Amino acid sequence: MKFMSKLVVLFSAFVLMSFSNISLAADFSANTKQPVLQAALNKLEDMNNRKVLDVIQGQNSTNQPIKIMFRDLAVLGFGTCEAVTSKTKDGRLVILISSNYKTAPVEAIACLIAHESVHHQNTKTYEEEVKAWTTEVQTWVAFTQYNPALKVSDSKLVKRLNYLSKLYAKDGNQMTSIENLIANNPAYSSLKRS
């Protein structure tokens with residue numbers, strides 16, 4: 001009988017220790033119902049990226065949670081874009097991520113969300129775009145510093161992020177080369193400069 005009591009106590013202690021290592025995922029159901037996108041938001045939470053998450057959860061120009069979903073952007077006229085931020089007819093913000101990236105690592109998807117979070121004011125300026133790309137690259141650098149294995153992927157999105165992070169590092173964590181990419185990209189030719 002003493003053996004059974006000890007076994008029960010040991011088992012109970014094991015169960016309690018196991019649950020103490022489980023972190024509860026934040027609730028992002030107001031932003032998306034898609035598990036992959038919720039996982040990406042949880043990765044931002046794990047990295048304590050409050051600046052991005054606060055905007056996503058409602059501290060933005062609309063004071064409402066931003067909806068996030070995958071869409072075929074080519075059908076919507078944004079075929080060369082990885083993601084876009086738009087306003088719905090009722091004034092809500094929505095981030096549309098290219099459905100081509102549904103199978104990309106969630107950390108890479110999180111970087112797109114971080115980028116698009118900057119566009120919540122929708123000023124359409126060159127400076128806003130530079131800030132968005134900076135946020136995206138810095139988010140990828142943080143993820144890959146924590147987990148360098150993320151860099152090894154056949155994902156088109158990861159390859160893009162690796163390229164941008166190399167430019168960023170080459171420029172001494174400045175945005176010079178990336179600013180040139182933006183300035184020379186026809187998609188951004190209509191951006192105002194502040």
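Here are the numbers for the structure shown:
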read-out	value
Qualifying residue in the stretch 133-150 (condition: among the aliphatic types (A, V, I, L, M) and farther than 23 Å from Leu53 by Cβ)	yes
Qualifying residue in the stretch 48-64 (condition: of a type in the set (Lys, Arg) and more than 22 Å from Phe28 (Cα to Cα))	no
Residue check, Ala110 under 22 Å from Asn147 (Cβ atoms), part of a loop (DSSP other than H, G, I, E, B) and touching a residue at least 40 places away in the same chain (Cβ under 8 Å)	no
Odd one out for Leu164 among (1) among the hydrophobic types (A, V, I, L, M, F, W, C); (2) crowded, with 22+ Cβ neighbours inside 10 Å; (3) over 12 Å from the mean Cα position of the chain (by Cα)	(2)
Answer from Glu136, Glu107, Glu116 - the residue that is buried (at least 22 other Cβ atoms within 10 Å of the Cβ) and either more than 25 Å from Asn63 (Cβ to Cβ) or in contact with a Pro (Cβ under 9 Å, 6 or more places away or on another chain) (or both)	Glu107
Pick from the stretch 100-136, criterion closer than 19 Å to Lys87 by Cβ and among the polar types (S, T, N, Q), ranking: nearest to the chain's Cα centre (by Cα)	Ser117
Pairs, first of a type in the set (Val, Ile, Thr) in the stretch 44-66, second assigned to a helix (DSSP H, G or I), C-beta under 6 Å, six or more apart	Val52/Leu44; Val52/Ala114; Val52/Ser117; Val55/Ser117; Val55/His120; Ile56/Ser117; Ile66/Ile56
Near pairs, Cβ below 7 angstrom, 6+ apart or cross-chain, from the stretch 171-194 (in contact (Cβ under 8 Å) with a residue 12 or more places away in the chain and surrounded by fewer than 13 Cβ atoms within 10 Å (Cβ to Cβ)) to any residue that is of a type in the set (S, T, N, Q) and part of a loop (DSSP other than H, G, I, E, B)	Ala187/Thr80
Criterion: at pLDDT below 95 and of a type in the set (S, T, N, Q) - qualifying residue of Asn48, Asn42	Asn48
Pairs, first of a type in the set (Lys, Arg) in the stretch 153-165, second outside any helix (DSSP H, G or I) and modelled with pLDDT of 95 or more, C-beta under 7 Å, six or more apart	none
Test: residue in the stretch 70-89 that is assigned to a loop (DSSP other than H, G, I, E, B), at pLDDT below 95 and more than 27 Å from Pro186 (Cα to Cα)	yes
Of the criteria (1) touching a Lys or Arg at 6+ places or on another chain (Cβ under 8 Å); (2) buried (at least 19 other Cβ atoms within 10 Å of the Cβ), which one Leu73 fails	(1)
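The values are calculated or read from the model by the stated rules, or taken from the named source; none is laboratory data. Keep in mind the model is a prediction, meaning the values are calculated, not measured. No Cβ is skipped: glycine too gets one built from the backbone with ideal geometry, and neighbour counts run over all protein chains shown.
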